[in-house]
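**Q** I am attaching a structure below and will ask some questions about it afterwards.
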Amino acid sequence: MDRAELVELLSPEGLRLLDSIGEWDAKADVVKTVAALRKQGHAPALVAAVLSQARLRAKGRAKFGEFASRMLFTEPGLEQATRLNVAALHAGRFARAGISHVADLGCGIGGDALALAAIELEVTAADADEVTAAIAAYNLTPFPQATVLHARAEEVALGGIGGAWLDPARRVTSGGSTRRLADASDYSPPLDFAFGLADRLPVGVKLGPGTDRGVIPAGAEAQWVSVDGDVVELAVWLGALARPGVGRAALVIRGGTAHELTAAADSADEPVGELGGFVYEPDGSVIRARLIGDLARSLDARMLSDGIAYLSGDRLVETPFARAFRVLERLPAEERQLRRELASRGVGTLEIKKRGVDVDPAALRTRLKLSGAASATIILTREAGRHVALLVERAD
């Protein structure tokens, strides 16, 4: 979206038209809808902008729920925005630290600022992109204690502000395409600036979950967050926002309920042991936080093979931090033999899970020439370094 499109959209006509469209129907005939709106006398540019927003609002429900129906978005802004339930946890941390005024530097469309303002914290939000800042200002209109600036993070005066939240831009858009920045020094603002603010006030920094762990400052709390099995972010907390004694954390949110595994530092793995009756697949946040060893000990489990994030145990222990599978049978790991075994069982639908093996599940599924009414799950991995195929069923 450019400035001209935003001006059209924010006009009284644009906002009325957007509200009149209601909920976006992905199955609707878009050509017919455009023709109908044009027949009513609306300009082509306005119609395009409004329909784009209606589509983004529908898409935004996954992150913002009912709030999405009264927000504005850009495509990259929505993609990069913090989910509202995660933003609420960020906001709660600032409140518990006794911080009443937060600077949201690089606020995007305002997702985190919304959560901060919703619990009555004062917010000074800023974004370097004029259109994005204007959209954030619109989204924060219901909260008079929130101010939005069109400014670079480095330009915002921080006098009287008690803490800062930063979500550095890790992508750059050019010529209609977006690419991820590999070098943290190219982020906007750079990580040196973001982490350097911790010399002045408590700071939280949102990063991609795959960020090089080498950039995490000494003494910081690094918290990886997953939502319904998808690892969505790495939050780095500094100063009063970091919890004493917590250097690594895996926050797992499933079905709206949050569970957390914490430790002072990376945990040592358990020794490799024999395959038991159950295999556990740790949540991605636990793997990223390198807390697999602590999880194994809580489950009375052991590593299935060095360097592979599968655990095995003799009994089923319920945990929010891993998916559990009951081992039904060992199958031949060799492909032709595996195909015969699955054919003998009439398996036509196959879920393939794998770690530590160089296999493309989709290509393998095709080569296995599956047919039949039965469905099954197999785990392809290594046991004490040897390739193994396990027929399993979900146990949780």
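**Q** Using just the C-alpha positions of the stretch 166-315 as equal point scatterers, what log10 of I(q)/I(0) does the Debye formula give at each q in 0.10, 0.13 1/Å?
**A** Debye output, listed in q order: -0.42, -0.66.
**Q** What share of all Cα pairs of the stretch 101-240, in percent, falls into each consecutive 10 Å distance bin?
**A** 12, 42, 37, 9, 0
**Q** With a 10 Å radius around each residue's Cβ, average the other Cβ atoms per peptide and rank 205-212, 279-286, 185-192, highest first. Don't skip to the answer; put the middle values down first.
**A** Values: 205-212: 18.9, 279-286: 24.8, 185-192: 16.6.
Going by the mean number of other Cβ atoms within 10 Å, highest first, we get 279-286, 205-212, 185-192.
**Q** For q = 0.16, 0.19 Å⁻¹, what log10 I(q)/I(0) does the stretch 302-396 give under the Debye formula with an equal point scatterer on each alpha carbon and no solvent?
**A** Each listed q corresponds, in turn, to -0.67, -0.93.
**Q** Still on this structure: Along the Cα→Cβ direction, 7 angstrom out, place labels at Lys32 and Ala58. What is the inter-label distance in nm?
**A** 1.4 nm
**Q** State, as an integer percentage, the relative contact order of the stretch 196-342 based on alpha-carbon contacts under 8 Å between residues 6 or more apart.
**A** Numbers: 298 pairs, mean separation 28.2, N = 147.
Normalised by residue count, the contact order of the stretch 196-342 is 19 percent.
**Q** Expressed as a whole percentage, what fraction of the accessible surface of the chain belongs to carbon and sulfur atoms when a 1.4 Å probe is rolled over the protein heavy atoms? Please list the in-between numbers first.
**A** Working: 9160 of 18620 Å².
Roughly 49 percent, rounded to a whole number.
**Q** Rg and Dmax of the stretch 244-311 over Cα atoms: what are they, in angstrom?
**A** Over the stretch 244-311's Cα set, Rg and Dmax evaluate to 12.2, 38 Å.
**Q** If the cut-off is 24 Å between C-alpha atoms, which lysines fall inside it for Lys63, apart from same-chain ones fewer than 8 positions away?
**A** Within reach: Lys27, Lys206.
**Q** For a quick check, take a GNM of the chain with Cα springs below 10 Å and name the residue from Ala362, Ala268, Ala54 with the largest mean-square fluctuation.
**A** Comparing Ala362, Ala268, Ala54 in a Gaussian network model of the chain, the most mobile one is Ala362.
**Q** What is the helix-to-structure angle for 12-21, meaning the angle in degrees between its Cα long axis and the longest Cα principal axis of the chain, kept from 0 to 90 and rounded to the nearest 10?
**A** 30 degrees
**Q** Then there's this: How much accessible area per residue does the chain have, in Å², with a 1.4 Å probe? Show your work: numbers first, answer last.
**A** Working: 18620 Å² over 396 residues.
Counting only protein heavy atoms, the per-residue value for the chain is 47 Å².
**Q** Ok, one more. At a Förster distance of 25 Å, what's the computed FRET efficiency of Ile119 paired with Arg200, Cβ-Cβ distance as r, to 0.05?
**A** Working: r = 24 Å, r/R0 = 0.94.
With a Förster radius of 25 Å, E is 0.60.
**Q** May I pose another question? By how many degrees, between 0 and 90 and to the nearest 10, does the Cα long axis of helix 335-344 differ from the longest principal axis of the chain?
**A** So the inclination is approximately 90 degrees.
**Q** Within 10 Å, count the other beta carbons around each residue, average over each peptide in 136-147, 254-265, 3-14, and list them highest first. Provide the component values of the computation, followed by the final result.
**A** Values: 136-147: 18.4, 254-265: 13.2, 3-14: 15.8.
Ranked by mean Cβ neighbours within 10 Å, highest first: 136-147, 3-14, 254-265.
**Q** Of the candidates Ile379, Ile21, Ile161, which one comes out as most mobile in a Gaussian network treatment of the chain with C-alpha springs shorter than 10 Å?
**A** Largest GNM mean-square fluctuation: Ile21.
**Q** Separate question: Taking 1 over the mean of 1/r across every pair of different Cα atoms in the stretch 38-172, what Kirkwood radius in Å do you get?
**A** Values: mean 1/r = 0.0655 Å⁻¹.
15.3 Å is the Kirkwood radius here.
**Q** Moving on. Under 14 Å from a point 7 Å along the Cα-to-Cβ line of Arg213: which residues of the stretch 240-275 have their amide N that close?
**A** 247-250, 263-270
**Q** For the pair Ala157/Glu318, report the inter-label distance in nm, with labels modelled 7 Å from Cα in the Cβ direction.
**A** Result: 5.6 nm between the two label points.
**Q** Calculate how steeply helix 30-39 sits against the longest principal axis of the alpha-carbon atoms of the chain, using the helix alpha-carbon long axis, and give the answer as 0 to 90 degrees to the nearest 10.
**A** Orientation of helix 30-39: about 10 degrees from the principal axis.
**Q** Looking at the stretch 79-125 from every direction and averaging, what is the projected area of its Cα convex hull in nm²? Before the final figure, lay out each step's value.
**A** Working: hull surface 11.4 nm².
Dividing the Cα hull surface by four gives the mean projection, 2.8 nm².
**Q** Top mean-square fluctuation among Leu72, Leu238, Leu380, Gaussian network model of the chain, C-alpha springs under 10 Å?
**A** Judging by the Gaussian network model, the answer is Leu380.
**Q** Can you tell me which lysines have their Cα less than 24 Å from the Cα of Lys354? Leave out same-chain residues fewer than eight positions away.
**A** Straight-distance partners of Lys354: Lys369.
**Q** For the chain, what is the Kirkwood estimate of the hydrodynamic radius, computed as the reciprocal of the mean inverse distance between distinct Cα atoms, to one decimal in Å?
**A** Working: mean 1/r = 0.0421 Å⁻¹.
Kirkwood radius, the chain: 23.7 Å.
**Q** Now a separate question. Translational diffusion coefficient of the stretch 289-358 at 20 °C, 1.002 mPa s, Stokes-Einstein with Kirkwood Rh over Cα pairs, in µm²/s as a whole number. Could the numbers behind the result be given before it?
**A** Working: Rh = 14.4 Å.
The calculation lands on 149 µm²/s.
The values are calculated or read from the model by the stated rules, or taken from the named source; none is laboratory data. None of the values given here were measured: they were computed from a predicted structure. Cβ sites come from the backbone with ideal geometry, for glycine too, and all protein chains shown count toward neighbours. These accessible areas exclude ligands, DNA and RNA; they are computed on the full protein's heavy atoms, side chains included. Shrake-Rupley method; radii C 1.70, N 1.55, O 1.52, S 1.80 Å.
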